[in-house]
Structures are given as structure tokens and as C-alpha cells.
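The values are calculated or read from the model by the stated rules, or taken from the named source; none is laboratory data. Worth saying up front: this structure is predicted, and the values here are computed from it rather than measured. In this analysis, Cβ positions are derived from the backbone assuming ideal geometry, glycine residues included, and neighbour counts consider all displayed protein chains. In case anyone asks, the SASA skips ligands and DNA or RNA and just uses the protein heavy atoms, side chains included. Shrake-Rupley method; radii C 1.70, N 1.55, O 1.52, S 1.80 Å.
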Amino acid sequence: MQESMNIVTVGHVDHGKSTVIGRLLADADALPDGKLEMVRENCRRNSKPFEYAFLLDALKKEQAQGITIDTARCFFGTEKRQYILIDAPGHIEFLKNMVTGASRAEAALLVIDAARGVEENTRRHGYFLAMLGIRQVAVLVNKMDLVGYSETVFEDIKREYADFLGKIDIKPEIFIPVSGSCGDNIARRSENMPWYQGRTVLEQLDAFHAKPSAENLPLRMPVQGVYKFTGGGDSRRIIAGTVESGFVSAGDEVVLLPSGKKTTVKTLEVFNAPTPERFSAGQAAGFTMERQIFTERGEIVCKAGEKLPQVGVRLRANVFWLGKDPLTRGKTYHLKSGTAKVEMRIETVEKVVNASDLSYLTRQHVEKNEVAECIITLDKPIAFDLAGENDATSRFVIVDNYEIAGGGIITEAMESYDYDTRNIRWSAGGITKEERRKLLGRGMVVWMTGLSGSGKTTIAQEAEKMLIKAGVPAYILDGDKLRKGLNSDLGFSEDDRRENIRRTAEAAKLFADMGAVTIVTLISPFEESRRQAREIIGGAFSEVYVKASVETCASRDPKNLYKKAYAGEIKNFTGIDSPYEIPENPDIVLDTEKWSEIECVELLLGEIAVKAETLYEDE
Amino acid sequence: MDHLDELESKSVHILREAYAAFENLCMLWSIGKDSTVLLWLARKAFYGHIPFPLVHIDTHYKIPEMIEYRDRLAKEYGLYMIYGENKEALDNKQTYPDGAVSRVECCRKLKTEALTNTLNGTWPRYRMNLETGEYEIDKNTAMYTGVIVGARADEEGSRSKERYFSPRDKNNDWDLDDQPPEFWNQFKTDFAPKTHVRIHPLLDWTELNVWEYIEREKIPTVSLYYNQGDGTRYRSLGCAPCTKPIKSNSRTPAEIIEELKTGALSNIAERSGRAQDAEDGGGLETLRRDGYM
């Protein structure tokens, strides 16, 4: 399978872009048989002179007007690779179409009419290529036949335009003197310009470099969705998205931004293909997680230990505007970057740039087809990189009403958080709006089992606080407290312990039915009784194993119970003279020896949110 | 990644964007090779599940093998399979095979009108009951606001101007002269009430790419594409009265690929066997503007 490359042709209207492509297709023998004859015949019947441009102008209306309205694509191949040639319109009216065409390209042919020289859109298109990130540009000085194949004319245009491109940091690959209508230096070397010894257009195409892979950059995988399709007993919960840069493998520690949640990649997921070693830049990907966390479309999967993107709500950007109505301050728009979509406003228009002569002016709105430097504020944080660091995550579009009306590249984070999981999550109150929406009205029981002193109560209290702060009803049913009231008639025999659990489960179920996130903290050492609790409560049940060794718990000994148990003052103490059966299949394990309290709370809230999501989907 | 991998990833990305953006999403399945590749890509994107309905417009003049193949795959993959039709035109015999109208007019009635009214939910949608294999009236009559279509840019002129996400207005019309910009993998996912968006995940694929992918993935395709021994096969499928087979000895996807690369077909238009195109002045533009797929 050959490699492929998209090439766009741009330039001022009537400078002959379509003619150059038409000629290229004809001379490179890339047209279907009879196509050329058919177009010639059409021209003869309509009494108009044949032009190579007609080959491309497939639309009736376009032929009537004689200009390219939209981008047309044609396909052809050389021995080296397959090309998609994108013919972008040169008329200012259709700049949005030029942008559409050019943004798909890896390289550009910029066409200048030798007789007319550098014109407004010649410069504007150059400027837009720079903004769109097209770094390979070949300049074709066309219609050389009309200027007597003059080397002086060619050199003058070359000097003038190279000077302009230099100001916007584009270094063109080459200037080629051509004639589309006569075929000079298109697919074959011109005999009319012996002074030019460089490549023909066809040779230049093969000389363009393939886009460098973004695999060596840090991982950026914007989440497109979290899929849980239950049909056919499928229980996988898959984070799906396209890897924009870097790569991801099973076992990688990943961080999701802006939430800052962490998990580990468990398995890479594909359908009807062998599981790959990794998903790399450009690949549509999906993976399951070792620890379930609540995440959603709009977050970016990044890799712990690599350079992380910035997270913020205020940024400086270079913006180009294509909308019918001007871009104005105060109005609410939507910004889409990666898979994130947030509300945005223009805080300040710093300067408006005239893309055709690089002059600028200060005013507080941006008109159609203008470029500007702006400060933008967002209603929610997004994760992003800066222009030059990472193409995919430094770009955004602006949606006005229903339409994409502009685009931009982020040049500066105006208020950057030093990345820190706790700060971001804590400042947001621990629960996102989306989580809250899914949590409200969906009661559940979170059953925390573990040795005395493992950290159940501490974690539960912190999680309860976070939930209540976010407006989600939450309540802790503490085993010790229940023993003083509801269960005060029970002792520590096996039967009494079983009854203790049954009553606690029944009570928790009532709280959950009322809509509360009910957190039970109970040693509950036996697998059998935990299974019984799960049966009583049903689907809205999560078993959380709070893990710490007896030694650790004894050293913590917050209630001085271990000391008494070792001294024989307490009998049947779990972990000392009564067994603790480690949960066989808990929904989540909180290892308090490995993770800090805050991380455990974070994971617990994640588990609660994931559970809420499942309950939400089941409705 | 080779070129097919790139095309596959791009298409999967687009399908996932569409799924995220449109609550009432469907995919048109013409039973042809392109939309069958699309169906396959959707299974890749959603890990063997297809979380939206597949819609087939049945003109009742389709070649019978096409319908058998459709129903077999629908059962095998557990699809939410819908068909729609222009019952009135069929009952009143307002069709080209009945001698009542021209080919283009027949397309307009049996395909375009049926499509429009099936998509907006005005006419009945028939859904396959996966247990019985019978079609029953679908209870969901909500307008589909996102419609995934297997159009490719290399098919003919007007399609080369399509966007990946292409808006259609209230009348189902495509405003070619005022298409929204589309760049940097950001698509038009916002739309006004009563309008909908066509989604084209296969836009960058060529006919050759489609066959190469069918070969690579071993995608089951309808047998009409292959020479069964009489030295002919269909290159493009449509209604029996208006679709003619081409002369070809290709019996397998591999042989078709070889034929497209080097053989007699390398210079003949793909839809040359479709008579309505010629009647529409050489392009599908008139039909397409009105919502033809």
C-alpha cells in the first residue's frame, strides 16, 4: 500500500489554479479515457474556448460563472505516492472554502499570475496557510507564456513574495515558473525557459515530505466517548478516542485532564483484529481501565510522567474569522477544541491584522475574513497545548449559533494552573456538574469493608463532605454507631454478626431508596455476609475494599483497640483472633498503604460517579 | 500505518463524533459495497455493537439477492434494521418500470421522496423483529437529525465538494454554494430545528480503497459484484430495471482490485452502468441537491 498526501492549490482568483491542476492531470496521464475529449466536445458545442480548468469544474453552476466556488478534490498517483489534489477557490468571498480545502493538506501549491504579480489574496492565502499550519509551500509563477517567459519577471515576483512570506515565517520550498495552459514545467520540463533548471511541479510533488509523525510527542487522546454497550453480555467500559500524538499501551499510568483523574490502562480494545502493542498518533483507539474513574467526552487522556497540557479558562489566541456577523466582545460563543465544547467570550481584541499587507488596527470586533489577536475566557476549564508544541491540542474553532464561524491557535495560557490533581479537583468541589446531574436522585449503597483502622471512616467522611458540598444527598451508616442504637441488642457471635449485617443492609437500602448516596462503614469480615448485603440491596451496590495490613492497622490503632486485643481484653477481634476474608471481587480496592487519603477519596468519588453513570444508563 | 489504516481511523473518528453529537442518528445502508464497508467500520468504532438504526430505502425493484443479503446480515449482526418505501407511488404504479414516468422521476419518487419521508418520520418505518425476521412498524417516528451516508468524493463531480458533516435544510436541500467551513477535525454538529446533517465517513476513500478494504477485512458482500460464470458482474448496484452488469471475469475482491488497477476498468466511470445518471445530464447534481444519496 502506497503512502498518500493531500496537496492544496491556493492563490488569487483567476491566477490559474484549476488550469494548473487540470494540466497536471492531463499531462501525468491521470484522466479517465475520453474525459478530455468530452470536455473539449462540450466546449465546442457551447462555442467557448477549451480550458484545462473545465476538467475540474464539474459543477454546472461553476462552469457558468467560471470560478471555483468550493473545493474540489481529485485523485492521482505517481510511483512514489497517491495524491489528493484539493483545488481551493481564490475569490475572497469563498475564503471559508479555501480554509476548508487547505486545512486538509500537508503541502500547498500557491499560484501567482506572472502578468498580474502578487495580489491581495496571494498574500492573504499565504498568511492563512501559516495559520493553518501548512509548512510546505511551493510557489508556482503561472502564465509565464504571457510575459514572454521572462526570467526578470519571475525573479521580481519571487523576491517580492519571498520577502512577504519571510515576515510570516514561511520559507517556501521552491519557486517554479510554469504555464498551465501551455504545459511548461508542469509534468515536463519547459524548453521555453532554459534559465530554469529546478524541479517541475510533478517532481516537486514527490519532493514534498510526508507529514512527520506526532508519535514522539507526549500522549494526547481526546475522549470521544465512554462506551458501555451491554448487548450480548458485553461488560467492557471503554474509553474511546483518536490518539492525536504520542502513543498508549496497556499498563500505562494515564491522567485525564482537565479533571486530573488518574488510572491505569488495562487492555487496548479493537474489534475483529489482533490486539495491538500500542495505539499511536493518528489511530482510532480505545481502552479499558484498571481502576474505574468517571470521565467524559472533552477530557484528554495524557500519560503520567510526560509533559502535561495546561488547564485553564483564559487564553491568548490568534483567531481568523469567517462568520457573516462580526466576532464581538460580550457575546457568548462556543469553543470546540479536541472533543471539548465550552462556552466562550472575547475578553479583549488586542489587534486586528490585515492579512494582505500585515498592517494592523485596534478595534473591538473582528470582521469576516480578518485575523486578530484576542484574549478569550471560557466558562469551564479545558486542557490545551500552545501553538508550536502540539498542533491538535493548540487549535480550536469558534461556533456562532449553529455554524463554525472561526478558528484559532492558542499562543499563551493567561492563567495557568501548575498541574496538580488535588488543586483542580478540590477547587471544583470534587464533583463535576455532569457527575452531579447523574448522581441526583440515584441513591446507592457504597459498602466499605476492611479491618479496623484501615481508613474506612476517614475516607467516608471526606467523601460525604464532598458530595454534600456539591448538593448530592449523602449519609454515612457507621457500623460502630449502629451497634449503639439499632443493633444494640446484638453481640459478636457468628449469628449476631450476620444479623448485624442484615439489619445494616436493610437500613442502607431504605436510605438509598430515598435517593441518598449511602456509605456503609463496617468491618464486615465475611464474604458470605457481604454477598447477603449485595443481594438485599440489588444493583445500586458497590463493594469497596479498604485495604491495609493488620500490622499497619495495629500501628495506626486510632481507638486503641488493637492494644486491648493483643492484651486479650477484647475477644473475637477481626484480624487478631477472628478471621478477615479478603473480598474476592470488590468493585474497587482502596489501598491506604499505597495511596494517600486524598487519592483514596478521589478514587471513591470516581467509583460512585461510575456507578451513577451505570444506573443512569439503565434507566 | 498504511493508507487503509489511515482511512479506517479517520472514518472511525468521524463515526464516533457523529454518535456523540446526534441523539437521533441513523445510517443509510444501500446494501452496496460502500455502505457495507461503512457498516463494518461502525462495528469497529463501537466494538461490535451498532448503537443506531440502519435505514434502507426499498424501491421494491432492487435485485432480490440484495434483500436476502440485507436480512441475513441484519439477523447475524443483531442490527436495528429499518426500511422505508414510497407506498403510494408503488400502489399507483407511478414508476419507470410501469411506464408511467421517466427514470429520473422514478428515482425521485421511489428513492428521494421515500428517503425524505422516512428520515423525517412522516411515512412508516418498518423495523426487523430479530426474533421472527419479520418487519413491523417501528414505534420511533422521531426525525433523524444525523444521517450517516457512504458517499465518496471520487464518485463524481458534485460529491468531490462534500463536507464530512454536511447540513441539509428543512426541505432536505443541500446548499452547495454556501457550505460551512470544516477544518482541523472539527465538524458541524450544531443545527437548527427541522434541519439535519449528513455525515460522510467515506469521503476520502476511492473505489479501489473500498475493494482493498473488503479484501483485507474479508467483509461479506453481495454476490452480484462477482462474475458467477457468465462473464458479467455488477460494479454498482441499484434497481434491476436501471442497472446493467459490466463485462468482467472478476470472481473475487482480489480480482476486482487487479481489474481496477490495470484492467479494462481503469478508465471507465464507476456508475457507467446506472442509467439515471446519463438522463440527469451526466451528473447526479440535480438528484443530489434534492437529497438523493
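The table for this structure:
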item: Residue that is within 14 Å of chain A (Cβ to nearest Cβ), among the aliphatic types (A, V, I, L, M) and in contact (Cβ under 8 Å) with a residue 24 or more places away in the chain, where the choices are B:119, B:79; result: B:79
item: Segment A:391-402, subset open to solvent by 10 Å² or more (accessible area, probe 1.4 Å) and within 20 Å of the chain's Cα centre (by Cα), residue farthest from residue A:126 (Cα to Cα); result: A:392
item: Condition met for residue A:235 (over 14 Å from residue A:288 (Cα atoms) and more than 8 Å from chain B (Cβ to nearest Cβ)); result: no
item: Meets criteria (open to solvent by less than 30 Å² (accessible area, probe 1.4 Å) and farther than 24 Å from residue B:142 by Cα) for residue B:25; result: no
item: Strands (runs of 3 or more DSSP E) contained in segment A:302-373 and holding at least 3 residues over 17 Å from the mean Cα position of the chain (by Cα), at negative phi and of a type in the set (A, V, I, L, M); result: A:310-321, A:340-353
item: Segment A:249-268: number of residues that are outside any strand (DSSP E or B) and more than 16 Å from residue A:306 (Cβ to Cβ); result: 3
item: Subset of segment A:391-403 that is in contact with an Asp or Glu (Cβ under 7 Å, 6 or more places away or on another chain) and at the interface with another protein chain (Cβ under 8 Å from one of its Cβ atoms) - its residue that is farthest from residue B:168 (Cα to Cα); result: A:392
item: Residue in segment B:183-194 that is more than 13 Å from chain A (Cβ to nearest Cβ) and either small (Gly, Ala, Ser) or under 26 Å from residue A:86 (Cβ atoms) (or both) present; result: no
item: Some residue of segment B:52-66 being surrounded by fewer than 17 Cβ atoms within 10 Å (Cβ to Cβ), out of contact with any His (no Cβ under 9 Å at 6 or more places or on another chain) and either without any contact (Cβ under 8 Å) to a residue 12 or more places away in the chain or part of a helix (DSSP H, G or I) (or both); result: yes
item: Subset tally (residues that are surrounded by 18 or more Cβ atoms within 10 Å (Cβ to Cβ), assigned to a strand (DSSP E or B) and not acidic (Asp, Glu)) for segment A:177-221; result: 4
item: Tally, over segment B:169-183, of residues that are open to solvent by less than 30 Å² (accessible area, probe 1.4 Å) and either touching a Lys or Arg at 6+ places or on another chain (Cβ under 6 Å) or assigned to a loop (DSSP other than H, G, I, E, B) (or both); result: 6
item: Test: residue in segment A:241-254 that is surrounded by fewer than 20 Cβ atoms within 10 Å (Cβ to Cβ) and closer than 15 Å to residue B:47 by Cα; result: no
item: Selection from segment A:376-386 of residues that are open to solvent by 10 Å² or more (accessible area, probe 1.4 Å), over 15 Å from the mean Cα position of the chain (by Cα) and of a type outside the set (Asp, Glu); result: A:377, A:378, A:380
item: First in segment A:322-346 and basic (Lys, Arg), second anywhere and modelled with pLDDT of 95 or more and open to solvent by 10 Å² or more (accessible area, probe 1.4 Å), Cβ under 7 Å, 6 or more apart; result: A:341/A:334
item: Whichever residue in segment A:244-274 is aliphatic (A, V, I, L, M) and within 9 Å of another protein chain (Cβ to nearest Cβ) and, among such residues, is farthest from residue B:18 (Cα to Cα); result: A:273
item: Within segment B:1-12, considering residues that are touching a strand residue (DSSP E or B) at 6+ places or on another chain (Cβ under 7 Å) and either surrounded by fewer than 23 Cβ atoms within 10 Å (Cβ to Cβ) or more than 13 Å from chain A (Cβ to nearest Cβ) (or both), the one farthest from residue B:216 (Cα to Cα); result: B:9
